[in-house]
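Everything on this sheet refers to the single structure shown next.
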Amino acid sequence: MLGDIINPYHLQIVSFILINIILGISIYITLSSGQLSLGNAGFMGIGAYTSALLTINFDLPIFLGIILGAVVAGVFGILIGIPALRLSGVYLAIATLGFGEVIRVIFVNWDSITQGSIGLSGIPHLGRELFKTFKLTGFDPDMLGLKNNQFIYLLVVLILLLVNILLVWFFIRQNKSRVGRAFAAIKMDEKAAESMGINITYYKVLSFTQGAILAGFAGALYAHVMAYISPADFAYHRAIDILIFSIFGGSELIWGAIFGATFMTILPEALRFISDYRYMIYGVILIAMMAFRPQGIIDVSLLKWFKRKLKLKRRGSLGIGTKKYN
Amino acid sequence: MLLEQIINGITLGSIYAIVALGFTLVFGVLGIINMAHGEIFMIGAFIGVLITSVLGLPLWIAFIAAIGVTVILGYMLERIALRPLRGKQGVSHLAPLISTIGVSILLENLSHHIFGAGNHPFRHSFAQIQFQIGSITVYLVQILIFVISITLMVVLSYWLSKTKAGKALRATAENLETASLLGVNTKRTITTTVILASALGGIAGILVGMAFNSVNPQMGLSMGLKGLAIIILGGMGNVKGAMAGGLLLGLAETMIVAYGDSGYRDAVAFITIIFILLLRPQGIFGKNTAEAGR
């Protein structure tokens, strides 16, 4: 039954999707206050290396490592976010891109700790460590009709899913709160927002730091799901990938980032049969998107249309609806 | 030793300067960061390899071919990735950045597919000619690169400041709408700018192939990022600034490799731009305006 449906390869892809969704949200949240950061790959690297090094060298529990990874990335976020207030638009994009490159070069060259471009291996795997604890309590995956391998990957997916649901819930709440409205106001017009009494410095640094924390968090999760990281994982290409999640899906709404991350993770897997050409197709998609639908696939009007459709359907099934208006 | 390093630095810096000129022209006129510029540069280098090493034709044909191909690429970039976005309602100012990123991914993987991932040597007897002046060795290629880049710069500044087309370009850079009201064919001017920038990238590509004797599909990315760093260093849209910034970065990188830790060579550019952006966002040669960095 369950054992026949579950395929570790598919589970692995699902866990990548879930990590990428966190990354997508991380750039969405900085974009929601009108700042474009291309440094999220760097923050992700900081989170990943912090957590990996702490768990390898000091035998810290994985959960503590992941949290510390996010915290350290957040501290860097504040350190970069405050001086970056002076910049906006493409200037901010380039400065953060530069930050990401500097971080990568440091990872490559700090041999004694990061093992340079070879990368860190033997990072404790989230699923396997949890599995050990489960084993201690006398649990056996056979009881669910699962093999050990399937169970491990299933655990990872479940944990990531839980984390994702919590994060999405949190940020949807935040968007409707004072903070979210302040972000939106700053994005629309900084000067007008300031004259309405919004503390621009505070909210801009807040959104930048939130993005950094999320990216670091996703990076730490990535390290413990992959069990191997190298500086190349956090290079320019990753920064572009993260940007594309939000831009392709739609940068106005959190659903855009989620959709973009999901679609852009599945696409290369689905296009595997023409794998030689898949990045070229990727490039063409970007160009076409910007020409025909620059706001991204999911925007406010699409969401409204969708909601109206849904409402009409519900009305129809309840026996009210079109007749009522005749 | 020091003198040799300075010559190496100037050679590298001249190439950087040509790449940065392409960036700065497009930014000056369109206000767009052309992320595909590095890849166009890389294609230029590959055309050079193809003509001289594979077909065995002389160098000047390689130059003409590289310029021809990059001009076509520049035109296509303008038509496919930039023009559809211009003047459209509700397009964020980041859209052109992203569509040029799309072009760069496409070109990088295309050349990866055609030429393979490895390094291609630029076999040409010309690259081996060298002089012995006192205790230092100077390659003819280094002199050639320096002369070509200086010539390009002089011609470009003359063209920009004296000719009608150059004036039209500067007017468009100043204000697109006003320029078009005053009778400047802004559409054509923009196309010319992108094509010119791409041709500069193609020339720089061949020069890099000659100077460093290796060409690979990944070189566009690192060169593109450095070009970005240089235009920030010299001031966005500033032609002289791009030149000086290029030379400065070339010298700094060479000195780091010679007297410091070569591993940090690629970080020099970015540490510099982070500091420049924070201390003097308008760049070393930029004018001080309230809008700098915004």
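The requirement of being at pLDDT 75 or above, within 14 Å of another protein chain (Cβ to nearest Cβ), surrounded by 13 or more Cβ atoms within 10 Å (Cβ to Cβ) and touching a helix residue (DSSP H, G or I) at 6+ places or on another chain (Cβ under 6 Å) is fulfilled nowhere in region B:119-133; no residue meets it. Within region A:293-307, the residues that satisfy the criterion of being more than 8 Å from every other protein chain (Cβ to nearest Cβ) and outside any helix (DSSP H, G or I) are A:Arg293, A:Gly296, A:Ile297, A:Ile298, A:Asp299. The requirement of being without any contact (Cβ under 8 Å) to a residue 60 or more places away in the chain and in a helix (DSSP H, G or I) is fulfilled nowhere in region A:26-35; no residue meets it. Annotation: of all residues in region B:85-117 being within 7 Å of chain A (Cβ to nearest Cβ), closer than 20 Å to A:Tyr91 by Cβ and under 22 Å from the mean Cα position of the chain (by Cα), the one that is surrounded by the most Cβ atoms within 10 Å (Cβ to Cβ) is B:Ser99.
Residue-by-condition table, conditions (1) within 14 Å of chain B (Cβ to nearest Cβ); (2) surrounded by fewer than 24 Cβ atoms within 10 Å (Cβ to Cβ); (3) touching a strand residue (DSSP E or B) at 6+ places or on another chain (Cβ under 6 Å):
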position	(1), (2), (3)
A:Asp233	no, yes, no
A:Tyr236	yes, yes, no
A:Ala239	yes, no, no
A:Leu243	yes, no, no
A:Gly250	yes, no, no
A:Ile258	no, no, no
A:Phe263	no, yes, no
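For A:Ser275, the criteria (1) more than 14 Å from chain B (Cβ to nearest Cβ); (2) at pLDDT below 80; (3) loosely packed, with under 14 Cβ neighbours inside 10 Å hold in every case but one, which is (1).
Out of (1) out of contact with any Lys or Arg (no Cβ under 7 Å at 6 or more places or on another chain); (2) at pLDDT 85 or above; (3) within 12 Å of chain B (Cβ to nearest Cβ), the odd one out for A:Met290 is which? So the condition that A:Met290 fails would be (2).
Taken together, the criteria exclude A:Lys187 from residues that are part of a helix (DSSP H, G or I), of a type outside the set (A, V, I, L, M, F, W, C) and under 20 Å from the mean Cα position of the chain (by Cα).
One residue stands out in region A:278-287 among those that are of a type in the set (A, V, I, L, M) and at the interface with another protein chain (Cβ under 8 Å from one of its Cβ atoms): the one that is farthest from B:Pro96 (Cα to Cα), namely A:Met280.
Considering each residue of region B:36-50 in turn, none proves to be buried (at least 21 other Cβ atoms within 10 Å of the Cβ), of a type outside the set (Asp, Glu) and without any contact (Cβ under 8 Å) to a residue 40 or more places away in the chain.
Only one of the numbered conditions (1) closer than 30 Å to A:Tyr203 by Cβ; (2) among the aliphatic types (A, V, I, L, M); (3) away from chain B (no Cβ under 14 Å) is not met by A:Ala84, and that is (3).
Among the residues of region B:222-265, those that are surrounded by fewer than 20 Cβ atoms within 10 Å (Cβ to Cβ) and within 11 Å of chain A (Cβ to nearest Cβ) comprise B:Ser222, B:Asp261, B:Ser262, B:Gly263, B:Tyr264, B:Arg265.
Does B:Gly201 satisfy the criteria of being assigned to a helix (DSSP H, G or I) and within 11 Å of chain A (Cβ to nearest Cβ)? Break it down stepwise before answering.
Details: assigned to a helix (DSSP H, G or I): yes; within 11 Å of chain A (Cβ to nearest Cβ): no.
When the stated conditions are applied, B:Gly201 does not pass them.
Total residues in region B:68-84 satisfying the condition of being more than 14 Å from chain A (Cβ to nearest Cβ) and surrounded by fewer than 19 Cβ atoms within 10 Å (Cβ to Cβ): the figure is 4.
The values are calculated or read from the model by the stated rules, or taken from the named source; none is laboratory data. The structure displayed is predicted, hence computed values, not measured ones. Please note: Cβ atoms are built from the backbone with ideal geometry, for glycine as well, and neighbour counts cover all protein chains shown.
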